[in-house]
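To start, the structure under review is shown below, and the notes come after it.
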Amino acid sequence: MAELIDKTYGEALFQLSLEEGKVEQYADEVRSIKEAIAENPEFMVLLDHPQITREEKVEVMRNCLDGRASDSVTGFFVTVIQAGRQHFLMGMIDYFLDAVRKYQHIGIADVTSACALSDAQKAAVEKRLLETTGDVSIEINYQVDPEIIGGLVIRIGDKVADNSIRTKINTLTKAILNS
């Protein structure tokens with residue numbers, strides 16, 4: 001059910017941003033709100049508190065966004081609270097931001113290497129991923145995992161390209177044991 005709520009509300013905000021021709025503006029505002037919530041986790045506790053009325057929660061949200069977000073983005077967050085769906089707010093935000101990335105052809109990749117990559121290596125990985133995916137730009141999250149021994153493990157969405165030495169060794173070992 002949570003995924004349906006995230007999708008319904010996130011898609012509604014995305015469609016509104018398209019209709020108003022303000023996709024980038026709303027994305028920037030929503031990213032800022034997401035960062036603020038992440039830095040102040042007690043804010044979500046306040047929004048979920050059963051002894052605080054919806055009207056009080058709406059007032060808090062309006063005060064927090066006053067002068068920091070457009071009327072439409074503020075209205076979206078107020079609507080979420082009025083519907084009693086604030087518990088799902090982060091999922092809605094993530095769905096909206098994912099929709100914006102897809103619309104703008106911005107990919108997301110997780111790249112794992114055995115040791116930290118140099119700037120030149122990162123540039124080469126980014127160039128190759130852009131060529132492969134056809135995205136306009138790509139956000140890459142780099143991680144280091146010495147256990148892969150060498151090579152790279154690249155995850156884009158639900159697709160994984162595992163070219164690590166660990167996987168090659170495991171594959172060879174299984175082939176030898178099964179022959």
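The values are calculated or read from the model by the stated rules, or taken from the named source; none is laboratory data. Note that the coordinates shown come from a computational prediction; the quantities given were computed from them, not determined experimentally. Here Cβ is always computed from backbone atoms with ideal geometry, including for glycine, and neighbour counts include all displayed protein chains. Heads up: the accessible areas ignore ligands, DNA and RNA and are worked out on the full protein's heavy atoms, side chains in. Shrake-Rupley method; radii C 1.70, N 1.55, O 1.52, S 1.80 Å.
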Taking region 77-104 and keeping only residues that are outside any helix (DSSP H, G or I), within 14 Å of Thr8 (Cα to Cα) and in contact (Cβ under 8 Å) with a residue 24 or more places away in the chain, one is left with Arg85
Hey, does region 157-169 have a residue that's more than 28 Å from Asp94 (Cβ to Cβ), touching a strand residue (DSSP E or B) at 6+ places or on another chain (Cβ under 7 Å) and open to solvent by 60 Å² or more (accessible area, probe 1.4 Å)? yes
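Touching a Lys or Arg at 6+ places or on another chain (Cβ under 6 Å) and open to solvent by less than 70 Å² (accessible area, probe 1.4 Å), is that true of Ile81?
yes
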Those helices (runs of 4 or more DSSP H) completely within region 1-71 that have 3 or more residues that are surrounded by 15 or more Cβ atoms within 10 Å (Cβ to Cβ), touching a residue at least 24 places away in the same chain (Cβ under 8 Å) and within 17 Å of the chain's Cα centre (by Cα) are 2-19, 23-39
How many residues does region 136-156 hold that are open to solvent by 40 Å² or more (accessible area, probe 1.4 Å) and either under 24 Å from Leu97 (Cα atoms) or in contact with a His (Cβ under 9 Å, 6 or more places away or on another chain) (or both)? 8
Against the conditions (1) in contact (Cβ under 8 Å) with a residue 24 or more places away in the chain; (2) surrounded by 15 or more Cβ atoms within 10 Å (Cβ to Cβ); (3) touching an Asp or Glu at 6+ places or on another chain (Cβ under 9 Å), where does Thr74 fall short? Just the number, please. (1)
Those residues of region 154-171 which are more than 14 Å from Ala114 (Cβ to Cβ) and not small (Gly, Ala, Ser) amount to Arg155, Ile156, Asp158, Lys159, Val160, Asn170, Thr171
Would you please name the residue that is farthest from Ala38 (Cα to Cα), looking only at residues in region 89-103 that are of a type in the set (A, V, I, L, M, F, W, C) and either open to solvent by 10 Å² or more (accessible area, probe 1.4 Å) or within 8 Å of the chain's Cα centre (by Cα) (or both)? Ala99
